[in-house]
Amino acid sequence: MSKNQAKALAALSLVIFALAFLISGRLWFRVDMTGNNIFTISQVSQNLHREISDQVRITYFVSDRLVLAHPMPTAVADLLREYAAHSRGRIRVTQRDPVRADLVRSVEELGIIPWQIQVIEHNEPVAVTVYSGILIEYLDRAAVIPVVFSLYTLEYDLSSRIRALARNTPREIGVIVASAHQTWHTDFSLLNRALFMAGFTVRLISPWEDIPGTLPALFVFGGAEDLHAPQLYRIDRYITGGGNVLFAANGVLVDYMGDFQAWAARDMGLLAALANYGVLVRSALVLDRASLNLTMQVQENGARIHSVPYPHWIAVREQGGNPGHRITSRFGGLDMYWASPLELVPPAGVEAEVLFTTTAQAWLQTGDFIAGPDMVSFLEDEEAQTRGTRILGAALSGVFPSAFDFEGPPSGIAAPARPSRLIVVGDANFAGDIMQVSQGEARNLDFLIRAAEWLSSDDDMLDIRGREGAGRLDRIIDVERRAAAMAFSLRVNTVFVPLGVALAGLVLVRRRSAKTRNAPPARGAQR
């Protein structure tokens, strides 16, 4: 090669390198080896640019101290860059430290929440305040992710907010707390916070208030004994007009704040309306061998804390979910408290699907309702006659018949039928703050957020909310199978694994010895 050719080749290489550097910001690829591609955004997110007519500005407010102390911010930044790379220039990402940019007050006013971590300074643990939140701006609209501390739902949080901004549609959920002894902020605070973190605005609705037809979805908690005909009529009119509702209702009520007295709900119309829509909520209590523990104080040789299996508190298993429905496609289980069984009797034009069930080792109380945890010996009286799998949650869609007989509009022309979606869960307590007693927040709240998305008809957002469910560690219910699995695990970890390591070491030693014996002598050693 001549000198001129070498110079030309070097110059061409520099030009190629410079061009590659210039376009590198618009090219993005990643090899994701995880089972569910949790580090790669889905096709739904990659195609968001088709719904965006102007530029979306994403600002990741993250403290430099957090970046240095934890790998999470780097993973978040990588995910944001992937959004920008797939957006064809429609999404621009910026990362800023609120402290260094002197934006602490402005960032907190936006709704980004400070939190504390411990770092080591001068060999001493020190608590420092850090920020990790995201601001999304589009035209004159904005949305905030207040706290980002994992990748688990980050793609869902980003894509759902970007879509809502681009479509200029509210992410709003109406809530009716229909039980007279409960209030939203005192009894459903965990759900209130979860909806806020998911980007939903909660609109509290009085049972006597007309429900606007523009409301995307409605949650109704309880009400069998408290909702009367005029109040139910407003809900019915919302449903027949195309509204979507989650009903969490019990056929049997339990005074769990008192003496655990249980009684069949004196229905004022809600259960009858649900039957009209296609779901019978039976006046029975479901019990299951797959149960949670109830911790209580007992008086035996002095007061002490005792934890006992409580069959009324059901640990709904992952296997009990319907993988064919979008809400439960990645079902992580649920914790339920004094649930009632459901039966599906959909009317013409309505499709009903089971969402989740008990195990086959469930049974019912249909006569004497006994819920006291200190009366365990009486809980199995009807087990032999009623044992079997029971439906606890269902989804229905279609054009629902009205639960009320009323005349049409004055013109005499009936309003056009509009399809709706309903979810019915046989337990109003599973959405309340009692879930934290059994540490079921992750499972129950994830289901409720998924339900909100499905009711809001944003189905493809469900596909990207968490690539894996928050499953249980105690999946095996049968005592003998669990004991066999534990014995097998013990043998593997205490016998086979150490033996395998020892055998591998012996093989390596023998191979190395054989190589040493067969190796030719060094030149210096030859005489």
Output the Kirkwood hydrodynamic radius of the stretch 164-220, Cα pairs only, in Å rounded to one decimal. 12.2 Å
Using the C-alpha atoms of the stretch 284-392, what convex hull volume per residue, in cubic angstrom, is computed? 106 Å³
When the accessible area of the stretch 187-270 is split by element with a 1.4 Å probe, what percent falls to carbon and sulfur? 54 percent
If only Cα atoms are counted, what is the Rg of the stretch 33-120, and what is its Dmax, in Å? 15.2, 47
Area projected by the alpha carbon convex hull of the stretch 228-342, averaged over all directions, nm²: 9.5 nm²
Which percent, nearest 5, of DSSP beta bridges in the stretch 144-280 are antiparallel? 20 percent
FRET efficiency for LEU110 and GLU353 from the Cβ-Cβ distance with R0 = 35 Å, rounded to 0.05, comes out at 0.30
Calculated log₁₀ intensity ratio I(q)/I(0) where the Debye formula runs over C-alpha points of the stretch 205-291, q = 0.15 Å⁻¹: -0.62
Give me the orientation-averaged projected area of the Cα convex hull of the stretch 105-240, in nm², one decimal. 11.9 nm²
Calculated FRET value between GLN436 and VAL509, using beta carbons and R₀ = 56 Å, to 0.05: 0.55
Could you give the alpha-carbon Rg of the stretch 330-389 over 2.2 N^0.38 Å, rounded to two decimals? 1.40
Which FRET efficiency value, to the nearest 0.05, is calculated for THR94 and SER53 with the Förster distance at 25 angstrom and r the Cβ-Cβ distance? 0.75
Can you tell me the equivalent ellipsoid semi-axes for the stretch 84-125? Use √(5λ) from the Cα gyration tensor, largest first, whole Å. 30, 16, 10
If you add up the charges near LEU287, with Lys and Arg at +1 and Asp and Glu at -1, over every other residue whose beta carbon is less than 12 angstrom from its beta carbon, what do you get? -2
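The values are calculated or read from the model by the stated rules, or taken from the named source; none is laboratory data. Because the structure is a prediction, the values reported are computed rather than measured. Using ideal geometry, Cβ is built from the backbone for each residue, glycine included, and neighbour counts are taken over all protein chains shown. Heads up: the accessible areas ignore ligands, DNA and RNA and are worked out on the full protein's heavy atoms, side chains in. Shrake-Rupley method; radii C 1.70, N 1.55, O 1.52, S 1.80 Å.
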